[in-house]
Amino acid sequence: MAIIANYYVDPVTGLDTNDGLSTSAPFATFQKGADVATAGQIVACKTSGGASDEQPSLTIDLDTNTGTSTDGFIQFIGVNSSWDYDGTRYILDGSLVANLLTFSSKTRLAFVAIEFNNATGNPLAGTGGDNTYFINCAFRNNGSTVSFSPCGTAYVVMCGSFGNDGDGFSMPYSAGHILLSVAGYNTGDGIELTSNSSYLNSAISCLSFNNGGEGIDSRYGENVIYQCTSNDNGASGINVDDYCCVFGNRTTNNARYGIETKLNATYGFIGFNYINGNTLGAIGAAQAEKILDNFGLDSNIYSGVDGYNAPNTPDYDFNLTADATMRDIAITLPS
């Protein structure tokens, strides 16, 4: 069944001079859909099934309209060639632009099944947005860190970030959350959380692997890293700078420590993690206030940390995998 939307985009058959109100008279560009959609409306973007669906020559400007608390989100949703939503992503190729999207002081925008690829810089630009959602989206081969700084409070759910020249997901000084998402083969950190005393960022049930830097990097502020897997990264599996709770995670085969604590990480909590096979040891420069019940520890434990308990292996009730092309993300949840 075709998705019921307010506006339709098809770069193959559409024209921006159409009214965009039906699948028989769609717009041709994402930009045109963004120009006309208002709070509570849906823009359905039809994929052709190729390597890309649209290659904008200018950054897509989302500053015309905004969602509202009364009328709801403006949603941009990728659909398949039959106009059905089945998770197929609409692919924006940013080869001609530094940034694929720009928006400032806009709230309640949602992107569902959209890919943001090949921008020469951060695919997202602007300032002052808020309540921005990315669901089943992907970010590939961009020339910079994928930073959600324009988005304010951002929710990144079931997304993937691969092969970017920088961090895969970077959540800045705002209340942002990365859930059930995968970062791999980025030159920087897989996931970076940067917060302060006013906000809490989180990474929950995520997978970070084969990145050049930390698997998950908690930089300042009050962050939570829970039930994540971080393996085969170029630095530590998880790095903690300050005020971070790290529990129920799995860190293996990273080039530095399984979990590394730095700076003022004196009020953190590190517990119930599986840590094994990391080059420099299990926990490095341990300053956390409470380090409890880690297991699978390496033979090298630094900074005089002792008194570990060895509880039973916890029930890890999630699993994330990605195929060789990094296109299909499989998420297994509890039955």
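Somewhere in the stretch 135-156, is a residue among the aliphatic types (A, V, I, L, M) and touching a His at 6+ places or on another chain (Cβ under 9 Å)? Yes, the stretch 135-156 contains at least one residue that is among the aliphatic types (A, V, I, L, M) and touching a His at 6+ places or on another chain (Cβ under 9 Å). Using beta carbons and a limit of 6 Å, which pairs, at least six apart or on different chains, have the first residue in the stretch 213-234 and under 16 Å from Tyr274 (Cβ atoms) and in contact (Cβ under 8 Å) with a residue 40 or more places away in the chain and the second one assigned to a strand (DSSP E or B) and of a type outside the set (Phe, Trp, Tyr)? Going by the 6 Å Cβ cut-off, the qualifying pairs are Thr229/Leu207; Thr229/Arg250; Ser230/Ser208; Ser230/Ile216; Ser230/Ile238; Ser230/Thr251. Looking only at the stretch 30-53, which residues are surrounded by fewer than 22 Cβ atoms within 10 Å (Cβ to Cβ) and either of a type outside the set (A, V, I, L, M) or free of Cβ contacts under 8 Å to residues at least 12 places away in the same chain (or both)? If the condition is that a residue be surrounded by fewer than 22 Cβ atoms within 10 Å (Cβ to Cβ) and either of a type outside the set (A, V, I, L, M) or free of Cβ contacts under 8 Å to residues at least 12 places away in the same chain (or both), then Gln31, Lys32, Asp35, Thr38, Gly40, Gln41, Ser48, Gly49, Gly50, Ser52 are the ones that fit. Here Ile204 clears all of (1) buried (at least 21 other Cβ atoms within 10 Å of the Cβ); (2) touching a Leu at 6+ places or on another chain (Cβ under 6 Å) except the condition numbered (1).
For the stretch 183-201, give me each residue that is modelled with pLDDT under 95 and either surrounded by fewer than 21 Cβ atoms within 10 Å (Cβ to Cβ) or β-branched (Val, Ile, Thr) (or both). Those that are modelled with pLDDT under 95 and either surrounded by fewer than 21 Cβ atoms within 10 Å (Cβ to Cβ) or β-branched (Val, Ile, Thr) (or both): Thr194, Asn196, Ser197, Ser198, Tyr199, Leu200. Could you tell me whether the stretch 266-275 includes any residue that is of a type outside the set (Val, Ile, Thr) and within 24 Å of Phe162 (Cα to Cα)? No, there is no match, as no residue in the stretch 266-275 is of a type outside the set (Val, Ile, Thr) and within 24 Å of Phe162 (Cα to Cα). Name the residues in the stretch 138-161 that are buried (at least 24 other Cβ atoms within 10 Å of the Cβ), modelled with pLDDT of 95 or more and within 10 Å of the chain's Cα centre (by Cα), would you? Result: Phe139, Val146, Val156, Cys159, Gly160, Ser161. Checking the stretch 85-102 against the condition returns a match, with at least one residue being surrounded by fewer than 21 Cβ atoms within 10 Å (Cβ to Cβ) and touching a residue at least 60 places away in the same chain (Cβ under 8 Å).
In a residue-by-residue description of the stretch 257-273, the property of being surrounded by fewer than 24 Cβ atoms within 10 Å (Cβ to Cβ), part of a loop (DSSP other than H, G, I, E, B), modelled with pLDDT of 90 or more and hydrophobic (A, V, I, L, M, F, W, C) applies to no position. Would you confirm whether any residue within the stretch 125-132 is at pLDDT 95 or above and not in a loop (DSSP other than H, G, I, E, B)? No, the stretch 125-132 has no match at all. Of all residues in the stretch 79-102, those being within 20 Å of Gly20 (Cβ to Cβ) and out of contact with any Ser or Thr (no Cβ under 6 Å at 6 or more places or on another chain) number 7. Does Tyr220 satisfy the criteria of being under 22 Å from Cys137 (Cβ atoms), hydroxyl-bearing (Ser, Thr, Tyr) and either within 15 Å of the chain's Cα centre (by Cα) or surrounded by fewer than 24 Cβ atoms within 10 Å (Cβ to Cβ) (or both)? For Tyr220, the condition - under 22 Å from Cys137 (Cβ atoms), hydroxyl-bearing (Ser, Thr, Tyr) and either within 15 Å of the chain's Cα centre (by Cα) or surrounded by fewer than 24 Cβ atoms within 10 Å (Cβ to Cβ) (or both) - is not met. In the set (1) over 22 Å from Thr252 (Cα atoms); (2) touching a residue at least 40 places away in the same chain (Cβ under 8 Å); (3) hydrophobic (A, V, I, L, M, F, W, C), Cys206 fails one condition alone, (1).
The values are calculated or read from the model by the stated rules, or taken from the named source; none is laboratory data. Keep in mind the model is a prediction, meaning the values are calculated, not measured. Every residue, glycine as well, gets a Cβ built from its backbone with ideal geometry; the counts of neighbours run over all protein chains shown.
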